Amino acid sequence: MLPITLDLKYVNAVVVGEGYATDRRIRILKEAGAENVSIFKEPPSPEEYEGATIVFVGGFDNEKSAEIAEQVRKSGALLNIEDKKQYCDFHMPSIVRRGDLLIATSTGSASPRLAVKIREHLENIFPEEWAGYLDKIKKQRNIWLKEKTEYNDLIRKTDDLIDEMKIFGGLK
């Protein structure tokens with residue numbers, strides 16, 4: 001597994017299916033800032049996958065999932081079929097989002113419920129205030145970057161700011 005974050009403003013996403021899993025994928029994409037999302041209740045024609053970067057599928061049996069996987073793979077898009085690991089190019093982590101702060105946990109589909117339990121624990125450790133902490137750090141960092149602060153100084157100044165904010169309760 002390789003954890004990455006995608007800026008969804010620059011990719012084309014396709015969601016196929018209906019029900020809870022599909023609704024959740026649509027919500028996650030919108031929360032992540034996806035601007036180009038095509039939604040189909042039934043599998044579209046193979047041409048509809050052309051130009052897609054990622055495809056999310058949910059709510060189909062193994063036979064239909066296999067057909068969809070074959071079509072999507074021909075298009076070159078990355079594929080995730082809910083609860084069908086054998087067809088997935090990637091797995092969705094369980095996510096804690098606090099503004100620009102994104103914390104993801106994954107079990108590589110070994111136990112999605114464990115990933116959810118870990119996410120719930122992390123939500124308590126990182127409450128909503130963390131969005132504000134990150135905004136303050138981001139604004140100050142942008143000032144330092146505008147001032148052309150040297151890289152090592154940027155690291156030191158950022159560390160000092162984080163320590164001053166006491167967001168880790170003074171722990172280092």
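ARG27: surrounded by fewer than 18 Cβ atoms within 10 Å (Cβ to Cβ) and under 24 Å from ALA115 (Cβ atoms), yes or no? When the stated conditions are applied, ARG27 passes them.
Each residue in region 84-118 was checked for being surrounded by fewer than 13 Cβ atoms within 10 Å (Cβ to Cβ) and within 24 Å of ILE68 (Cα to Cα), and 4 pass. In the set (1) over 19 Å from ASP83 (Cα atoms); (2) without any contact (Cβ under 8 Å) to a residue 12 or more places away in the chain; (3) within 18 Å of the chain's Cα centre (by Cα), LEU8 fails one condition alone, (2). Among the candidates GLU150, GLU164, the residue that is acidic (Asp, Glu) and modelled with pLDDT of 95 or more is uniquely GLU150. Those helices (runs of 4 or more DSSP H) of region 107-168 in which 3 or more residues are touching a helix residue (DSSP H, G or I) at 6+ places or on another chain (Cβ under 8 Å) and of a type in the set (A, V, I, L, M) occupy 151-165.
How many of the residues in region 31-75 are among the β-branched types (Val, Ile, Thr) and assigned to a strand (DSSP E or B)? Matching residues across region 31-75 total 5.
The values are calculated or read from the model by the stated rules, or taken from the named source; none is laboratory data. Just so it is clear, the structure is predicted and the values come from calculations on it, not from any experiment. Cβ coordinates were reconstructed from backbone atoms using ideal geometry, including for glycine residues, and neighbour counts include every protein chain displayed.
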